[in-house]
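Accompanying notes for the structure given below.
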Amino acid sequence: MKNYEKRYELLKESLGERGISIDEVKEKLKSLRIETPSWGYGDSGTRFYVFKQKGAARDVWEKIQDAAQVHKLTGVCPTVALHIPWDYTENWEELLEYTKSLGVKPGAINPNLFQDDDYKLGSLCNPDKRIREKAIAHILECIDIASKLGSRDISLWISDGTNHPGQDDIKERKHRLEESLMEVYKNLGNNMRLLIEYKFFEPAFYLTDVGDWGMAYLLSTKLGPKAMVLVDLGHHPLGTNIEQIVAYLIDEKRLGGFHFNNKKYADDDLTVGSINPYELFLIYNELVAAEYDGIKLDVAYMIDQSHNIKQKIEEMLQSVENIQKAYAKALIVDRKFLKKYQLEGDIVSAEKILTDAFETDVMPIIYKAREELGVPLDPISSLRDSGYLEKIRKERV
Ligand code: PSV
Ligand code: MN
């Protein structure tokens, strides 16, 4: 971090030689917005055990306090996603006021269709109409909460699936899902969006009703323009080319948002960019390439991680930095030459354009952006020095 200005100037010069303006990259980094999840600040664990953390947020108010800390230290995380009923409160107006008073705002509202005995055979796909109606009513309640809080996006993960071959009629489940979602879609507010999240397995292990991006995409096109696809990086089989999915969704104008995290095996919820930073860079490369090609994106960048052994606020800060790094590296890709080499079939040179950008140390640009945003150059050390962690450990018993 020391002497970063000298490194910034050197980088400015070398990027300038390729016609890339470091100031533009820095401005883009300053305007990137990343939403953090309320559930990332409370105690959570695996299905085997929850290691309780001293100072972990105990309710929605404390989760918002922690999210506000992350925003204060990064300057780029002004919204916090809420999960209903985990974050349920009687008085939404009071919650909104509280949120604003801490300098942040509520973000996407996430309905919960996976923690109720009634949902054993599914929620929106359940064979029992009464249960489908109950699930629809829950989402409508979330839409109502979203409009009270001024939230635009409903992030919907449909956990429905079956565990055994023959358990239910697959086509019938598809019809029930479409019918249920039509009902939801009709009730979206004017500026609202329904972000449909897919996941290939878990909690069901035979089939998942929205198992991949194709199913989510198909649903979104049947519903209408307010329905978009949400890509959670942990929700694909190993080896899936996520950047290709991203490029397809961009081209079809259906990319609505991300749930950032990283996986080694399955939906591990590891720190975004910690296992495969090159994959994250290649995803950002598609996003930046689209903007370079004049495509207007409207994508919600959200983190979906809940760690039970790392300090939760620190890990959120670490995640934000990893995203900023991937974005900055994608922004310094020499796109003119990349195109040229692609057209000439010079594969080695084309690939080298990407690896050169990926291997560049972009931290000087991030430091400069932090300085101009008026936030600490090293958010994690700053959090550790601030006394905030000691304070919450003492207060939250
Ligand atoms: C499911 O694995 C998921 O990714 C969905 O987004 C949920 O809402 C979230 O995790 C929290 O459980
Ligand atoms: Mn998710």
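The values are calculated or read from the model by the stated rules, or taken from the named source; none is laboratory data. If you're wondering where the values come from, they're calculated on a predicted model, not measured in any experiment. Cβ placement follows ideal geometry from the backbone for every residue including glycine, while neighbour counts extend to all protein chains displayed. The accessibility values were calculated without ligands, DNA or RNA, using every heavy atom of the protein model including side chains. Shrake-Rupley method; radii C 1.70, N 1.55, O 1.52, S 1.80 Å.
Summary of values
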{"read-out": "Residue list for the range 96-118, restricted to those being surrounded by fewer than 24 Cβ atoms within 10 Å (Cβ to Cβ) and out of contact with any helix residue (DSSP H, G or I) (no Cβ under 7 Å at 6 or more places or on another chain)", "value": "Glu97, Lys100, Ser101, Asn112, Phe114, Gln115, Asp116, Asp117"}
{"read-out": "Verdict on Lys226 being away from ligand 2 (no atom under 14 Å from the Cβ), farther than 30 Å from Ala57 by Cα and free of Cβ contacts under 8 Å to residues at least 40 places away in the same chain", "value": "no"}
{"read-out": "Residue within the range 277-292 that is more than 24 Å from Thr360 (Cβ to Cβ), small (Gly, Ala, Ser) and more than 16 Å from ligand 2 (Cβ to nearest atom) present", "value": "no"}
{"read-out": "Residue within the range 153-172 that is under 24 Å from the mean Cα position of the chain (by Cα), closer than 24 Å to Arg193 by Cβ and away from ligand 2 (no atom under 16 Å from the Cβ) present", "value": "no"}
{"read-out": "Residue count for the range 170-187, restricted to those that are open to solvent by 10 Å² or more (accessible area, probe 1.4 Å) and within 24 Å of Pro106 (Cα to Cα)", "value": "3"}
{"read-out": "Any hit, the range 267-274, residues being within 16 Å of ligand 2 (Cβ to nearest atom), at pLDDT below 95 and out of contact with any Ser or Thr (no Cβ under 8 Å at 6 or more places or on another chain)", "value": "yes"}
{"read-out": "3 or more residues of a type in the set (Gly, Ala, Ser): qualifying helices (runs of 4 or more DSSP H) within the range 259-358", "value": "312-331"}
{"read-out": "Conditions (1) closer than 24 Å to Lys253 by Cβ; (2) in contact with a Lys or Arg (Cβ under 8 Å, 6 or more places away or on another chain); (3) among the hydroxyl-bearing types (Ser, Thr, Tyr); number of the one not met by Ser155", "value": "(2)"}
{"read-out": "Subset of the range 119-150 that is polar (S, T, N, Q) and open to solvent by less than 10 Å² (accessible area, probe 1.4 Å) - its residue that is nearest to Met228 (Cα to Cα)", "value": "Ser123"}
{"read-out": "Out of Ile313, Ile332, sole residue that is crowded, with 18+ Cβ neighbours inside 10 Å and closer than 30 Å to Tyr388 by Cα", "value": "Ile313"}
{"read-out": "Some residue of the range 361-375 being part of a helix (DSSP H, G or I), open to solvent by less than 50 Å² (accessible area, probe 1.4 Å), among the charged types (D, E, K, R) and touching a Lys or Arg at 6+ places or on another chain (Cβ under 6 Å)", "value": "yes"}
{"read-out": "Of the criteria (1) away from ligand 1 (no atom under 16 Å from the Cβ); (2) open to solvent by 30 Å² or more (accessible area, probe 1.4 Å); (3) over 15 Å from Trp157 (Cα atoms); (4) among the hydroxyl-bearing types (Ser, Thr, Tyr), which one Tyr265 fails", "value": "(1)"}
{"read-out": "Residue in the range 155-169 that is assigned to a helix (DSSP H, G or I), open to solvent by 10 Å² or more (accessible area, probe 1.4 Å) and either touching a helix residue (DSSP H, G or I) at 6+ places or on another chain (Cβ under 8 Å) or more than 16 Å from ligand 1 (Cβ to nearest atom) (or both) present", "value": "no"}
{"read-out": "Members of the range 195-223 found to be in a loop (DSSP other than H, G, I, E, B) and either within 13 Å of ligand 2 (Cβ to nearest atom) or not hydroxyl-bearing (Ser, Thr, Tyr) (or both), listed by number", "value": "Tyr198, Lys199, Phe200, Phe201, Glu202, Pro203, Ala204, Phe205, Asp209, Val210, Gly211, Asp212"}
